[in-house]
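S.K.: This is the structure, below, for whatever I ask next.
The values are calculated or read from the model by the stated rules, or taken from the named source; none is laboratory data. Fair warning: this is a prediction, and the values are worked out from it, not measured in the lab. Neighbour counts are summed over all protein chains in view; Cβ atoms, including those assigned to glycine, are modelled from backbone coordinates with ideal geometry. Accessible surface is based on the protein model in full, side chains and every heavy atom, while ligands, DNA and RNA are left aside. Shrake-Rupley method; radii C 1.70, N 1.55, O 1.52, S 1.80 Å.
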Amino acid sequence: MKKLLVSFIFCGLGVAAMAQKAKVSSADDAVKSNDLVKAKADIQAALENEKTKNDAKTWYVKGKVYEALATKDKNSAEALEAFEAYKKALEISPKLPEALLELNQRMFNLYATVGNAGYGNLNEQKWDSAYTHFSEAFTIAQFYNGKNLGGSIPTDTSMTFYAGYAASQAGKKDDAITYLKKAADLQFKGEPALFVILAQAYEEKGDNANWLKAIEDGKIMFPKDKRFNDMEMIYYSKTGKTAELISMLEKKVAENPNDFQTVLDYGIRVDNLANPHDTIAKPADYDALMTKAENAYKKAIELKSDDATANFQLGALYFNRAVGYNKELNSMDSKLQNSPKAKDLQTKVEGLMNTALPYFEKADENFTSKLASLEPGDKQTYESCLYALQKIYAIKNQTDKVEVVKKKLEGLK
């Protein structure tokens, strides 16, 4: 009888173990039939049993259960729980057969779910949460890609940029630089803001070499975005290297004296150096720089007389000088408004406005002829041109022309 009793005891233990393994299989089947409530209950029972809680298959099925829940609920917390379960399964059995066959797609599902949660936070301007979710998504990809299981999750350059952007907005400057630099290295072309933010981050750190590199890379990647020319001027002004820039630009013009774009670019850059950002004082050699810019614009128009941008730039040079004299005139005491100096300033204002007018009119004519195909940057330039024309016509009391320009501005908007 004793032997018979022992036999029954061992038999009972075997049945219990089989019952718990059956729970794992049952949970797996419930996932396939989309009965996720049952799947969750069964896998939890298996995880609480001594016989199955340390089995790789149990953890792998838990990963499948929570992956299915995360996909259905679009829930990043469930996706991360699934990720931890898959990690545990691979710790127990690094070459688990099921993992070799199907884990690539499963890990990608988790990566996408967590990443999409980051985009959701980004749209709501929840910067910290967005950055956290993007970081978690990359952690999933890095873990799987390091396991050599026969597949990989490709690097998402867009998510890399937005991780850096979210980090920057959240005040995590070093993390922002890490991700933004990686996005730049991957040549992400979706947002010029990548190089704007990266340059600003390096400027704040006092890293001048990388500050300039970010600006130059942005100019190469987005040649029509005028922000990079402005940022370049600020860089050279703040670092006291304007002479170095001018020398470099003049060498380029000397090598390509009849290349329209080279000459125009030189004029614009020298003009920007003469008229830096509002927070920076005008340089001591302002007049010399303005003369160089004026001559470059004239040369560019000789090379390509119908170019709208070249005509606008020369018109703007004269117009802005007139505005400067007009401000000086308006700041004078009322008693001095009829003084010789005031009359001289008034003459200069009128002369420069008259000089600017035909260049603005030529730019208007050429922008109008290409209106349907204008790039956003050119539209901004055209808008500035129209505002200047409106101002000059108003000063000259040409109300009919003011109305024509006003309608063009309304159409442009």
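S.K.: Treat each spin label as a single point 7 Å out from the Cα along the C-beta direction, and report the Ala77 to Asn123 distance in nm.
M.R.: Distance between the two pseudo-spin positions: 2.1 nm.
S.K.: Separate question: Out of the total accessible area of the chain (probe 1.4 Å, heavy atoms of protein only), what percent is carbon and sulfur?
M.R.: 52
S.K.: For segment 131-190, run through the trypsin sites (Lys or Arg not before Pro) and keep only the ones in DSSP coil with at most 13 other Cβ atoms within 10 Å of their Cβ.
M.R.: In loop regions of segment 131-190 (DSSP not H, G, I, E or B), the sparsely surrounded trypsin sites (Lys or Arg not before Pro) are Lys189.
S.K.: Just from its helices, what would the mean residue ellipticity at 222 nm be for the chain, if runs of 4 or more DSSP H residues each count -39500 (n - 2.57) and the sum is divided by every residue, rounded to the nearest 500 deg cm²/dmol? Mind showing how you got there, number by number?
M.R.: Values: 18 runs with 323 residues, N = 413.
Mean residue ellipticity, 222 nm, calculated: -26500 deg cm²/dmol.
S.K.: Can you tell me the length gained on complete extension of the stretch Asn34 to Asp306, counting 0.36 nm per residue apart and subtracting the Cα distance?
M.R.: 91.1 nm
S.K.: Going by alpha carbons, how many degrees (0 to 90, nearest 10) lie between the helix axis of 36-47 and the longest principal axis of the chain?
M.R.: 60
S.K.: Hey, another quick one. Could you work out how much longer the chain between Lys226 and Leu100 gets when fully extended? Use 0.36 nm per residue separation minus the Cα distance between them, nm to one decimal. Don't jump to the answer; show the numbers that get you there.
M.R.: Values: separation 126, 0.36 × 126 = 45.36 nm, distance 5.03 nm.
Stretched out fully, the Lys226 to Leu100 stretch lengthens by 40.3 nm.
S.K.: What percent do you get for the relative contact order of the chain when only Cα pairs under 8 Å and 6+ apart count?
M.R.: Relative contact order, the chain: 6 percent.
S.K.: Ok, one more. Once R0 is set to 41 Å, what does the formula 1/(1 + (r/R0)^6) return for the Cβ-Cβ distance between Ser331 and Met248, expressed as a FRET efficiency to the nearest 0.05? Don't skip to the end; give the middle numbers.
M.R.: Working: r = 38 Å, r/R0 = 0.92.
The value I calculate is 0.65.
S.K.: Quick check for you: with a 1.4 Å probe and neighbouring chains kept, what is the accessible area per residue of the chain, in Å²?
M.R.: Computed with neighbouring chains in place, this is 54 Å² per residue.
S.K.: On to the next question. For a quick check of your reading of the filter: which trypsin sites (Lys or Arg not before Pro) in segment 360-400 sit in a DSSP loop and have no more than 15 other Cβ atoms within 10 Å?
M.R.: Lys370, Lys396
S.K.: May I ask for the angle, rounded to the nearest 10°, between helix 308-330 and the longest principal axis of the chain, with both axes built from Cα atoms and the value confined to 0 to 90°?
M.R.: 70
S.K.: Filter Lys224/Lys304; Lys327/Lys396; Lys147/Lys189; Lys205/Lys241 down to the pairs with a C-alpha to C-alpha distance above 21 Å, please.
M.R.: Lys147/Lys189
S.K.: As I understand it, the value is the acute angle between the Cα axis of helix 208-221 and the longest principal axis of the Cα atoms of the chain; what does it come to in degrees, rounded to 10?
M.R.: With rounding to tens, the tilt is 90 degrees.
S.K.: Another question, then. In what sequence, highest mean first, do 107-118, 227-238, 248-259 appear when ranked by Cβ atoms within 10 angstrom?
M.R.: The most tightly packed comes first, giving 107-118, 227-238, 248-259.
S.K.: Okay, moving on. What ranking, highest mean first, results for peptides 88-98, 52-62 when packing means the other Cβ atoms within 10 Å averaged over each residue?
M.R.: 52-62, 88-98
S.K.: Please get the size of the charge dipole for segment 286-413, origin at its Cα centre, with Cβ charges of +1 on Lys and Arg and -1 on Asp and Glu, quoted in debye to the nearest 20.
M.R.: On the way: 20 positive and 18 negative charges, 52 e Å.
Here the size comes out at about 240 debye.
S.K.: As I understand it, the dipole of the chain uses +1 on the Cβ of Lys and Arg and -1 on the Cβ of Asp and Glu, about the Cα centre. Which of Pro340, Tyr382, Ala163 lies farthest toward its positive end?
M.R.: Selected residue: Ala163.
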